[in-house]
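The values are calculated or read from the model by the stated rules, or taken from the named source; none is laboratory data. Computed from a predicted structure; not experimentally measured. Backbone-built Cβ (ideal geometry, glycine too); neighbour counts: all protein chains shown. Side chains are part of the model used for accessible areas, which takes the heavy atoms of the whole protein and leaves out ligands, DNA and RNA. Shrake-Rupley method; radii C 1.70, N 1.55, O 1.52, S 1.80 Å.
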Amino acid sequence: LNGLVGFDLHGRTVGVIGTGKIGQIFIRICRGFGMNVVAYDPYPLPDADFPYVSLEELLQQSDIISLHCPLTEHLINADTIAQMKDGVYLLNTSRGMLVESEALLDALKSGKIAGAGLDVYEEETDFFFEDRSDMVKRDTLLSLLVSMPNVVLTSHQAFLTKEALHNIAQVTLENLDAYFKDGT
């Protein structure tokens, strides 16, 4: 069983960076598992029913950190990783450039970060979005991340469900209707 035993989410602290619509839904899901939630957002919601803390506090308190924010280059880097608890798990479903890949790899190797779930990658445009299986071009850092047993990388495909595609199309059409209706 060595390496196969997980841990209960109940009672763990999840740090959510970015509390827009997706971040809020993620918070509700985490609460459903009995997790403690702390959040960081430079623009906190005035009526939030979860506590906001500084980024430093979030990094220090969280067992799991999940990114749900727009691109701010290398939010997760060697300095912010050093502030994290040992054995933290990192989830990034937002933007690849939020996480400095080399610092992540070092932290995964050392055990500072116990595991990572990535739907995005720092240099993803060269490797994601199209079938490039016939290309010989390699990214050593990406290859190392993918080869690690404590990393799950979904190549920006975690959203690819019939429902998600339908919702994306529906929201796009609604946005177009609103634009042409009142020009905003």
Per DSSP H run of n ≥ 4, the term is -39500 (n - 2.57); total these for the chain, divide by its residue number, and report the mean residue ellipticity at 222 nm rounded to 500 deg cm²/dmol. -10500 deg cm²/dmol
Would you pull out the residues with amide H under 5 Å of ILE65's amide H, same chain only if 5 or more places away, H placed 1.01 Å from N? GLY15, TYR89, LEU90, LEU91
What does the accessible area per residue of the chain come to in Å², with a 1.4 Å probe and no ligands, DNA or RNA counted? 62
For the chain, which whole percent of the accessible surface, found with a 1.4 angstrom probe, sits on carbon and sulfur atoms? 56
Estimated FRET transfer efficiency when R0 is 30 angstrom, pair THR172-ALA48 (beta carbons, to 0.05): 0.60
For the range 1-40, Kirkwood radius (reciprocal of mean inverse C-alpha pair distance, Å): 11.0
Over the C-alpha atoms of the chain, what are the Rg and the largest Cα-to-Cα span, Dmax, in Å? 17.9, 61
Would you please report the Å³ per residue occupied by the convex hull of the alpha carbon atoms in the range 1-107? 107
